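Every number here is computed from the coordinates shown, using simple stated rules; none is lab data. Fair warning: this is a prediction, and the values are worked out from it, not measured in the lab. Cβ atoms come from the backbone with ideal geometry, glycine included; neighbour counts cover every protein chain shown.
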Amino acid sequence: MKSALKIGNIMILLIAFLLLFSFSASAVSKDELKIATWEDISTFDPGWMTSGERELTIMSSLYNGLVKYKEGSWDIVPDLAESWEMGTDGKSVVFHLRKGVQFHKDFGEMTAEDVKFSFERIIDPEAKAAEKGTWKLLEKVEVIDKYTVKLILKEKMANLFTSALPMNSGYIVSKKAVEKIGQEKFGKDPVGTGPYQLDSWKPKTHVKLAAFDSYWGKAPAIKKITFLPIVEDSTCETALRTGEINIGRAAMINVASFKKNKKFSVYSNPALKTYWLGMTVNKPPFDKLELRQAFRYAVNVDNIVEAAFYGTAKRANTILPPGLPDYWTDAPVYKQDIDKAKSLMKAAGKADGFKVNLYVPANDAERIMAEVIKADAAKAGIEVIIEVKEIGAFNEAANKGETDAYIQFYTSTIDPYYIMQYFAGESWNPSQWRNAEYTELMKKGASEVDSKKRNQIYVDAQKVTDKDAWAIWLTHGTMVWIAQKNVDIGDIYPNGRLAPWTMSLK
């Protein structure tokens, strides 16, 4: 009898322990979130960032700028600056900073000296900052007092509040931290003022963030976030179904099945992306305009987009997405014309065809596109050799112009300068394309504040890219996020970027 009682007591204690453990595990899970990304981050230094929107979800969690896009919109609202005044000539801005804002890792209060340092390190002639082109109209930054700073411009800067200040190029870093550990190490061990700070980074494995206890704004509900670089859509789908991640994506063909599954919520946004088939123009075969034009007529863009996006996206006809004020509404719509492609090839001395090495990042959509392109091009006698690369290796190789052609995408903002400046050959130009007229138009667009004149400048620039035929515009895509049903995904920006500090678990 006593033995039975002992066993009963042990069982009660065991059940109580399991219930306590279960409760504890549940409590911990409400503070943790795992999000799948397409790739690993290349650097945590905002001025040297190269992968655009894919890294911004992480970067915007670590840093603040003087101003920001209001979560879920393109409205500009105060961030580290409480207020500002534009100079009467439009070539200076005075910002009044928040007091008491702390940097991560005990690097002290953010002041005007940090603002000056953050911007001037990018425009330093000796620096190789990826964002140097964004700030080419910045002359210098003056510190008026501890909490007041003045940006002095060479000319009026039309994109100052639309794509320079609210994006990564406008994030404020700790001067003390960079000077103490050096720029290279800072790119791996960042110090910002954002709602999260870096907990750990294991390249190609994870980025772990922890809520910053001394954050000046509203404390995020999620205390720990892990970003996992998952290249394959199929792997991401499996991780969602097994509960290994809370937020991820799926191949477009499988999105419908997730919509039907009551365990998940699906969020879809018209993307401000531009996918294109780029050609490297400084070496054969695409150093000849006729062969670039031939390639453009050889492919069927409508079929490419249908195959990769399963009816969820429309074809693109120019670099900018429709709906933006500077969109070229009369852009030509190139249809597949094999006879015309062959005629252009003959004129270029390649009547018997030619070979094209095509680099593709290891994403499902791009790989599907590549296979359709290969089949289309073969009809015109063009042999396409596809080489799939891990995203980091792809970006490095493509940006060096190692391949004949590549498939790439870039996510824009509401300001056309944000994406179009990169093709002026200053810091990022995978097609190795140079055009003096285009570069001059970019300079004019950067300083033109009259909306009608600026619109015409960017339309003219799109016409230049069309004439030189270095790119075949494919689609502006669609952005889909899939979340476990217990996740409140928070605010999503119009281009599909997440704001993790607005998320919570139900």
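At-a-glance table
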read-out: Packing-based ranking, highest mean first, of 135-144, 189-198, 267-276 given that Cβ atoms within 10 Å are counted; value: 189-198, 267-276, 135-144
read-out: Residue order, fewest to most beta carbons within 10 Å, for Arg98, Arg497; value: Arg98, Arg497
read-out: For the chain, calculated [θ]222 nm from helices alone, where every DSSP H run of n ≥ 4 adds -39500 (n - 2.57); value: -10000 deg cm²/dmol
read-out: Euclidean distance of C-alpha centroids, region 87-127 and region 133-192, integer Å; value: 6
read-out: Highest to lowest packing among 64-74, 167-177, scored as the average C-beta count within 10 Å; value: 167-177, 64-74
read-out: At least 18 Å along the helix axis (C-alpha) and Kyte average at least -0.5, DSSP helices within the chain; value: 2-29, 364-379
read-out: Separation of alpha-carbon centers, region 326-374 and region 221-290, rounded to whole Å; value: 24
read-out: Coarse-grained scattering of region 40-191 at q = 0.18 Å⁻¹, given as base-10 log I(q)/I(0) from a Debye sum over alpha-carbon atoms; value: -1.11
read-out: Computed over region 273-476, Kirkwood Rh from alpha-carbon pairs, angstrom; value: 17.1
read-out: Value of Rg to Rh for the chain (Rh from inverse mean 1/r over Cα pairs, i.e. Kirkwood); value: 1.03
read-out: Relative contact order, percent, the chain [alpha-carbon distance under 8 Å, six or more residues apart]; value: 20
